[in-house]
1. Of everything in the stretch 202-214 that's open to solvent by less than 50 Å² (accessible area, probe 1.4 Å) and closer than 12 Å to P257 by Cα, which residue is farthest from the chain's Cα centre (by Cα)?
2. Does the stretch 1-14 hold any residues that are within 11 Å of the ligand (Cβ to nearest atom) and surrounded by fewer than 24 Cβ atoms within 10 Å (Cβ to Cβ), and which are they?
3. Which members of the stretch 28-55 meet the condition of being open to solvent by 60 Å² or more (accessible area, probe 1.4 Å) and at pLDDT 95 or above?
4. Determine whether A170 is at pLDDT 95 or above and surrounded by 17 or more Cβ atoms within 10 Å (Cβ to Cβ).
5. Would you please name the residue that is surrounded by the most Cβ atoms within 10 Å (Cβ to Cβ), looking only at residues in the stretch 127-149 that are away from the ligand (no atom under 16 Å from the Cβ) and without any contact (Cβ under 8 Å) to a residue 60 or more places away in the chain?
6. Yes or no: M240 open to solvent by 30 Å² or more (accessible area, probe 1.4 Å), under 30 Å from I353 (Cβ atoms) and either touching a Lys or Arg at 6+ places or on another chain (Cβ under 9 Å) or more than 12 Å from the ligand (Cβ to nearest atom) (or both)?
Amino acid sequence: SDESFIAYAAAAPNLALIKYWGKRDSRLVLPLNNSISVTLDDQLMRTVTMATASPEFAEDFVELNGKPVEVTDRMRAVLQSLRQRCQRGQDLASWKVRVATRNSFPTAAGLASSSSGLCAFAVAVARLADTLRWLSTVARLGSGSACRSLFAGFAEWSAGQRPDGVDSTASQLASAGHWDLRVLVCVVGAGAKSAPSTQAMARTVATSSLLPARLSCLPDRLAAVREAVAGRDFASLAEMSMRDSNCLHAVCADTYPPVHYLTDASRAIIDFVHRLNEASGRVVLGYTADAGPNVCLLAQPADVHLAAGCLQRAFDIGQVVGDLGEAADNSKVPSDWAGDGSGGEGATARHRIESLLICRLGRGALDIPQAEAAAWFD
Ligand code: DP6
């Protein structure tokens, strides 16, 4: 009807270098620790969302890639908080909403689709309600990690201290242009379905005796990452990211019953990175893995070609997507190293990497114009 309103948004997934794992308040989605992420380029991976409000809708309705999905409690919390803030008057605040969402990457592949999905959801509905204030708080209600996708480049989400959470907001640490980092997403394909992060992190908080040790070493690690970003210190950023990823998966293993995300293929990629760095005499790659088996590699632009070539020697790679860059004369790696992936301890099976996606850092959801999001939707 001509009374309806429509709004669009787009967001890209973000990749945490210092992970969010554990809540101090589940209802308000308040984390136990600060986290730092990079927002990936929306040209390669994005979620686009169209939100419509009309007095004719009987109930809230959400669809993903053309199929109806459950309207979760978290989505309802986002809708409710935006209805309270609605600047378009009481009528619209009482109307039901339809949200249609499309991902340009496989939802089930574990590519942080909740961060881009719930971020685009929050921004689209906030545009409907004509209020972009408190967006970090609203996006967080949908999924904690979503609030970092609002921002381009490097973002930090503060845990905050207040019980009401008003100081738990995300902000930009540095723009995408500040540092041309590349992320090589190694999609290792579906093993057993991974434990959903919400439930898994709650179990970690309830049962892990290593979690306090993780939390106590994070302030120093966060400071080191902020410093590495400010000074474009790749070796430090990569090391901190690798250590934090290992730490996350260690507290997952210490959870009771344990939470397993990494597969043999994931671990083979992690070991590959250490071998490559060792053989090169410098930090060529870093890695980090979230609540799933995929491993994301961090690289400087001049090393992407070399890294992809070495990966191709050690793994069975299905497809390579994105900009490989030029071959650069940067290799001190012996030409035959790691060809069998053995690291000198006897040949091992070549693991499969389904896709290798090479991403730049990109725009935050707040930087992507509504008209552009609408065009992608068609
Ligand atoms: C391992 O943001 O998906 O990716 O807030 O419960 O929705 P909820 O959790 P979610 O958790 C992300 C966990 C992580 C680390 C990170 O992104 O910081």
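1. S208
2. none
3. Scanning the stretch 28-55 gives a single hit, L32.
4. When the stated conditions are applied, A170 passes them.
5. Among those residues, the one meeting the criterion is A129.
6. Criteria met by M240.
Yes/no matrix, rows are residues, columns are (1) under 19 Å from N14 (Cα atoms); (2) within 16 Å of the ligand (Cβ to nearest atom); (3) free of Cβ contacts under 8 Å to residues at least 12 places away in the same chain; (4) surrounded by fewer than 23 Cβ atoms within 10 Å (Cβ to Cβ):
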{"site": "Y261", "(1), (2), (3), (4)": "yes, yes, no, yes"}
{"site": "R267", "(1), (2), (3), (4)": "no, no, yes, yes"}
{"site": "F272", "(1), (2), (3), (4)": "no, no, no, no"}
{"site": "S280", "(1), (2), (3), (4)": "no, no, no, yes"}
{"site": "G292", "(1), (2), (3), (4)": "yes, yes, no, no"}
{"site": "L298", "(1), (2), (3), (4)": "yes, yes, no, no"}
{"site": "A314", "(1), (2), (3), (4)": "no, no, no, no"}
{"site": "G318", "(1), (2), (3), (4)": "no, no, no, yes"}
{"site": "V321", "(1), (2), (3), (4)": "yes, no, no, yes"}
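The values are calculated or read from the model by the stated rules, or taken from the named source; none is laboratory data. Just so you know, these numbers come straight off a predicted model, no measurement behind them. As a convention, Cβ positions derive from the backbone with ideal geometry for all residues, glycine included, and neighbour counts pool all protein chains shown. Side chains are part of the model used for accessible areas, which takes the heavy atoms of the whole protein and leaves out ligands, DNA and RNA. Shrake-Rupley method; radii C 1.70, N 1.55, O 1.52, S 1.80 Å.
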